[in-house]
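Enquirer: Right, I'll just put the structure down here and ask away after.
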Amino acid sequence: MKTKILSLALGTAALAFGATAASAATLDDVKNKGFIQCGVSTGVPGFAFTDDSGDWQGFDPAFCRAMAAAVFGDPKAVKFTPTTGKTRFTALASGEVDVLARNTTRTFSRDADLKFTFAAPNYYDGQGFMVRKSIGVDSATALDGATICIQTGTTTELNLADFFRANNMKYEPVPIETNAEAQEKYLANACDVYTTDASGLAATRAAFEAPAEHIILPEIISKEPLAPLVRHGDEQWADIMSWTLYALITAEEKGITAANADEMAASSSDPETKRLLGSEDELGVKLGLDKAWALNAIKAGGNYGEIFAKYIGKDTPVALERGLNALYKEGGLMYSPPFN
Amino acid sequence: MTVASGFADEVQPFRLGMLINDKRYRSYTLQIITIFLFMLAFAWLVNNVVENFARAGRDFSFSYLFQPAAYDINQTLIEYTSRSTHLRAAVVGILNTLLIAFLGCILATVLGVVIGVLRLSKNWLVSRLMTVYIEGFRNVPVLLWILLASTALAASLPSPRQAPVLLGGAFVPTNRGFYVPSPVWGDGSVFLGIVFVASIIGALVFGRWAHARQAATGEILPTFWIKLAIIILPALLLYFILGRPVTLEYPELKGFNFQGGLFVRNSFMALWLALSLYTAAFIAENVRSGIQAISNGQTEAAYSLGLQPSRTMNLVILPQALRIIIPPLISQYLNLTKNSSLAIAVGYMDITGTLGGITLNQTGKEMECLLLVMAFYLIVSLLISLVMNIYNNAMALKER
């Protein structure tokens, strides 16, 4: 609540006072202050959460750490700002955060109208529904008249309205602000259904006391390509974001891990691996970074596959399959342009 | 400037320094400089907005208001679908804000007056309890009361399928809200409405007549009971003559939820109760201070004339106390209206939730949306002030 009001106020004030005018060279600003300010969610198990010592962990913070390592060589040179579905865009537009890694769906209007630049999706998702097994519903088309908890200020709100209109059904929306609030309402049975991205549902369900009593309905009613994003108008900074993600994906493809990255940099004979890790050519310099940028990014938390497995993979409580998010060679959609 | 010749040697010719040194000009000079600086600062702010908008490549327009909102709202007082425009969504939000503000002000006033009077009670227990209530409510932020009310309602009441159906289906409390029967207006209910309005006017006319009669003859009539009879009896009679045109629709459990009847959502209840209880604590203090400001001599004088305590309160103390109570009461009404913007914490879709929330987020028009929301609160507050000031002037001491 407080952060919401603060960032709304900041955003508006920034427009009025121009105090934090988003300048063209975000990289210079970031280097001057010595860290990357990264917007994450207020807490979704697996994707963004604080550990016992209060540090942010998860799939999204790991990407920010990789970026910090690419820029500074130090994965710790990053500070996190928790944002809600509603405050995130204001926070980014006003310059309060430098990059937003917060399971955000890339859409036309966010790209063209809100003026943000997205990286390639780092998680292909879709909106789903979670219900109690005990209510005996096995399809989203049987949800006529249900009370549905929904995070406000998200694409899910629009998808939900469209889905129910298309199927000529009625529902009672209960708008809520954060995932934690939704969980509380859903568990108190104040809503029959919780809807958000299927990955978020799996993550939330994993935190329940009795996950087996809840099912995620088979219908996926939307495409939700989740991607990190930055402000329009700074190509260099957008490139750093995009290619850091590509570096992590390529690393998985080439079998480069956090453990063997140094060794691969020294001994690999594959030209693209050598270019990526900076032992041949100087790709990083063209981004305004050190030539070891990708090496550092990979060493920060591992390649894309390692990050996925560590925080949301099938051995974690969240237990998500790779599915669409597997490498293209393995039937998924994760495909990086070549490092040439 | 022409100067009378006789004083020519006393009047100095105008010099620039006189703008500061001469008492006659100094205040004008300072005022002009101040207003100039103020306008400069304002122009700087506006210029910054324009420049930053240009730099961000965004335009300043309100055309988005006429595009489809694409989201659904749970509580709508007017027809609304996800295909309606953002403007209509904003109007839905405005009506929801006005509803909570209106009902909140009424409940807060009733509670506040009762509690304020009870705090002055000679009964030790009653006055202490009221003190605890007042200090408890006004010293905790209202947001916490709203959240507490919402959590308490959601956690303590059963889900619709286990909900008890009380009073023969007339009242169903669930953790999503309360279901009560809604009236169904059948044929002939128009006449019922006309008769009811006419009865109220009749009661008012009777009140004036009784007042004039009392002034002329000194006889006191039991006006309250007669007025009540005038208002209720004709409508009741007609209701049975027309064959009960108004029926009640009872809520029934269908599928996930109760259908039919009137659904009072938890978000509304939580916000309404918390805002009213919180503001009532302040109003109670206003009432108490207003009553205590009337000197005890007034009461003694009234008693010595043989007036009963209740009449003393109604005829002597309250009319004077109201003059003191009303101005701070206006502030409390304004506070309640503005505090209703905390609705978003419990998902009540007021103007801050629709125009200043979802619309802002879906369209990215922060500046436009926030300006509109601020303008709305400003206008509503000014209107409340205006109405209450008119009332205050009517109640104020007429000095002749």
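Enquirer: Between segment A:53-102 and segment A:168-216, what's the alpha-carbon centroid distance in Å?
Expert: For segment A:53-102 versus segment A:168-216, the Cα centre distance is 26 Å.
Enquirer: Next up: What do you get for Rg/Rh of segment A:127-222 when both radii come from the Cα atoms and Rh is the Kirkwood radius?
Expert: Working: Rg = 11.9 Å, Rh = 13.1 Å.
Value, to two decimals: 0.91.
Enquirer: Now for a separate question. For the protein assembly as shown, give the percent of accessible area contributed by carbon and sulfur heavy atoms, probe 1.4 Å, rounded to a whole number. Before the final figure, lay out the partial values.
Expert: On the way: 22590 of 35970 Å².
Of all accessible area on the protein assembly as shown, carbon and sulfur atoms account for 63 percent.
Enquirer: Rank B:Tyr278, A:Ile176, B:Val246 by how far each Cα sits towards the positive end of the charge dipole of the protein assembly as shown (+1 on Lys, Arg Cβ; -1 on Asp, Glu Cβ) and give me just the farthest.
Expert: Projecting each Cα onto the dipole axis, the largest value belongs to B:Val246.
Enquirer: Right, next: Between helix A:155-166 and chain A, what is the angle of the helix's C-alpha long axis to the longest principal axis, kept within 0 to 90° and rounded to the nearest 10?
Expert: Once rounded, one gets 40 degrees.
Enquirer: Show me A:313-323, A:181-191 ranked by packing, highest mean number of other Cβ atoms within 10 Å first. Could the numbers behind the result be given before it?
Expert: On the way: A:313-323: 15.3, A:181-191: 20.9.
Listed from highest to lowest mean packing, they are A:181-191, A:313-323.
Enquirer: Answer with one residue from B:Gln31, B:Leu45, B:Pro13: the one whose Cα lies farthest towards the positive end of the charge dipole of segment B:5-55, charges on Cβ with Lys, Arg +1 and Asp, Glu -1.
Expert: Working it through, the farthest residue towards the positive pole turns out to be B:Leu45.
Enquirer: Angle between the Cα long axis of helix A:2-17 and the longest principal axis of chain A, 0 to 90 degrees, nearest 10?
Expert: Roughly 60 degrees between the two axes.
Enquirer: Once you keep just the Cα pairs under 8 angstrom separated by 6 or more residues, what percentage relative contact order results for chain B? Don't skip to the end; give the middle numbers.
Expert: Numbers: 445 pairs, mean separation 84.4, N = 400.
Relative contact order of chain B: 21 percent.
Enquirer: Right, next: For chain A, what does the relative contact order come out to in percent, with C-alpha contacts under 8 Å and a separation of six or more?
Expert: Details: 667 pairs, mean separation 72.1, N = 340.
Relative contact order for chain A comes out at 21 percent.
Enquirer: Also: Per residue Cα convex hull volume for chain B, in cubic angstrom?
Expert: Working: hull volume 123.8 nm³, N = 400.
Residue-normalised Cα hull volume stands at 309 Å³.
Enquirer: Rounded to the nearest 20 debye, what is the charge dipole size of chain B about its Cα centre when +1 sits on each Lys and Arg Cβ and -1 on each Asp and Glu Cβ? Write out the running numbers ahead of the final one.
Expert: Values: 27 positive and 18 negative charges, 123 e Å.
Using Cβ point charges on Lys, Arg, Asp and Glu, chain B gives about 600 debye.
Enquirer: So if the hydrodynamic radius of segment B:182-249 is defined as the Kirkwood radius over C-alpha pairs, what does Stokes-Einstein give as its diffusion coefficient at 20 °C and 1.002 mPa s, in µm² per second? All intermediate terms of the calculation are to be shown ahead of the outcome.
Expert: Working: Rh = 13.4 Å.
Roughly 160 µm²/s, to the nearest whole number.
Enquirer: Once every DSSP H run of n ≥ 4 in chain B is given -39500 (n - 2.57) and the sum is divided by its residues, what mean residue ellipticity at 222 nm do you get, rounded to the nearest 500 deg cm²/dmol? Working shown, then result.
Expert: Values: 12 runs with 241 residues, N = 400.
Theoretical 222 nm ellipticity from helices: -21000 deg cm²/dmol.
Enquirer: Then there is this: For the residue pair B:Ser63 and A:Asp281, what label-to-label distance in nm results when each label sits 7 Å from Cα along the Cα-to-beta-carbon direction?
Expert: Those two pseudo-labels are separated by 4.4 nm.
Enquirer: Binned at 10 Å from 0, what are the whole-percent values of the Cα-Cα distance distribution for the protein assembly as shown, short to long?
Expert: 2, 11, 18, 19, 17, 12, 9, 6, 3, 2, 0, 0
Enquirer: Answer rounded, prolate or oblate for segment A:207-293, using the Cα gyration tensor with square roots of eigenvalues a ≥ b ≥ c: rounded when a/c is under 1.5, else prolate when a/b is larger than b/c, else oblate. Each step should come with its number before you reach the end.
Expert: Details: a/c = 3.19, a/b = 1.69, b/c = 1.89.
Taking the square roots of the gyration eigenvalues as a ≥ b ≥ c, segment A:207-293 is oblate.
Enquirer: Let me know the mean shielding of A:152-165 by other chains, meaning the per-residue number of their Cβ atoms within 10 Å of its Cβ. Spell out each step's value before the answer.
Expert: On the way: counts 8, 7, 3, 1, 1, 7, 8, 1, 3, 9, 3, 0, 2, 5.
Neighbouring Cβ atoms belonging to other protein chains average 4 per residue here.
Enquirer: Placing +1 at every Lys and Arg Cβ and -1 at every Asp and Glu Cβ, with all other atoms neutral, what dipole size does segment A:127-222 have around its Cα centre, in debye to the nearest 20? Spell out each step's value before the answer.
Expert: Details: 6 positive and 13 negative charges, 28 e Å.
It works out to roughly 140 debye.
Enquirer: OK, next. If I model a spin label at B:Asp22 and A:Asp111 as a point 7 Å from the Cα along the Cα→Cβ vector, what separation in nanometres do I get?
Expert: Placing both labels 7 Å along Cα→Cβ, they lie 7.0 nm apart.
Enquirer: Rank B:Thr247, B:Thr131, B:Thr337 by mean-square fluctuation in a GNM of chain B with C-alpha springs under 10 angstrom and give only the top-ranked residue.
Expert: Between B:Thr247, B:Thr131, B:Thr337, it is B:Thr247 that shows the largest mean-square fluctuation.
Enquirer: At what distance in angstrom do the alpha carbon centres of segment B:288-348 and segment A:105-140 lie from each other?
Expert: Taking the Cα centre of each part, segment B:288-348 and segment A:105-140 sit 54 Å apart.
Enquirer: Which of B:Gly202, B:Val142, B:Leu382 sits farthest toward the positive end of the charge dipole of chain B, with +1 on the Cβ of Lys and Arg and -1 on the Cβ of Asp and Glu?
Expert: B:Gly202
Enquirer: Could you check the simple spin-label distance between A:Thr50 and B:Ala152, using points 7 Å along Cα→Cβ, in nm with one decimal?
Expert: 2.8 nm
Enquirer: Of the residues B:Ala212, B:Ala375, B:Ala101, which exhibits the maximal mean-square fluctuation in a Gaussian network model of chain B defined by a 10 Å Cα contact cut-off?
Expert: Fluctuation is largest for B:Ala212.
Enquirer: Using only the heavy atoms of the protein chains and a 1.4 Å probe, how would A:Lys86, A:Lys76, A:Lys115 rank by accessible area, largest first? Mind showing how you got there, number by number?
Expert: Working: A:Lys86 15, A:Lys76 165, A:Lys115 65 Å².
Reading off the accessible areas and sorting them downward yields A:Lys76, A:Lys115, A:Lys86.
Enquirer: How many percent of Cα pairs in segment B:1-145 exceed 26 Å?
Expert: Working: 7248 of 10440 pairs.
Result for the distance tail: 69 percent.
Enquirer: Separate question: Could you state the accessible area per residue of the protein assembly as shown in Å², with a 1.4 Å probe and every protein chain left in place? Could the numbers behind the result be given before it?
Expert: Values: 35970 Å² over 740 residues.
Per residue, the protein assembly as shown has 49 Å² of solvent-accessible surface.
Enquirer: What order, most packed first, do the peptides B:225-232, B:277-284, B:22-29, A:228-235 have when packing is the mean number of other Cβ atoms within 10 Å of each residue? Each step should come with its number before you reach the end.
Expert: Numbers: B:225-232: 14.5, B:277-284: 24.6, B:22-29: 10.8, A:228-235: 20.1.
So the peptides B:225-232, B:277-284, B:22-29, A:228-235, ranked by packing, come out B:277-284, A:228-235, B:225-232, B:22-29.
Enquirer: Still on this model: One quarter of the convex hull surface, Cα atoms only: what value does that give for segment A:144-186 in nm²? Present the calculation step by step, with values, prior to reporting the outcome.
Expert: On the way: hull surface 11.1 nm².
Quarter of the Cα hull surface area: 2.8 nm².
Enquirer: How large is the charge dipole for the protein assembly as shown, taken about the Cα centre, if only the Cβ atoms of Lys, Arg (+1) and Asp, Glu (-1) carry charge, to the nearest 20 debye? Intermediate values should be presented prior to the final figure.
Expert: Numbers: 58 positive and 61 negative charges, 621 e Å.
Once rounded to the nearest 20, the dipole reads 2980 debye.
Enquirer: May I ask for the net charge around B:Met18, where only other residues with Cβ less than 11 Å from the Cβ of B:Met18 are counted and Lys, Arg are +1 while Asp, Glu are -1? Show your work: numbers first, answer last.
Expert: Values: positive: B:Arg15, B:Lys23, B:Arg24, B:Arg26; negative: B:Asp22.
So the surrounding residues net to +3.
Enquirer: Using a 10 Å cut-off on Cβ atoms, rank the peptides B:254-262, B:176-184, B:60-68, B:358-366 from the highest mean neighbour count down. Provide the component values of the computation, followed by the final result.
Expert: On the way: B:254-262: 18.1, B:176-184: 19.7, B:60-68: 13.3, B:358-366: 23.9.
Put in order of decreasing packing, that is B:358-366, B:176-184, B:254-262, B:60-68.
Enquirer: Shifting gears a bit: Go through segment B:208-303 and name the GluC sites (Glu not before Pro) that are in a DSSP coil and have 13 or fewer other Cβ atoms within 10 Å of their Cβ. All intermediate terms of the calculation are to be shown ahead of the outcome.
Expert: Numbers: sites: B:Glu219, B:Glu249, B:Glu252, B:Glu285, B:Glu300; in loops: B:Glu219.
Qualifying residues, ordered by number: B:Glu219.
The values are calculated or read from the model by the stated rules, or taken from the named source; none is laboratory data. Remember, predicted model here, so these are calculated numbers, not experimental data. With ideal geometry, Cβ positions are generated from the backbone for all residues, glycine too; neighbour counts draw on all protein chains shown. Ligands, DNA and RNA are excluded from the accessible area calculation, which covers all protein heavy atoms including side chains. Shrake-Rupley method; radii C 1.70, N 1.55, O 1.52, S 1.80 Å.
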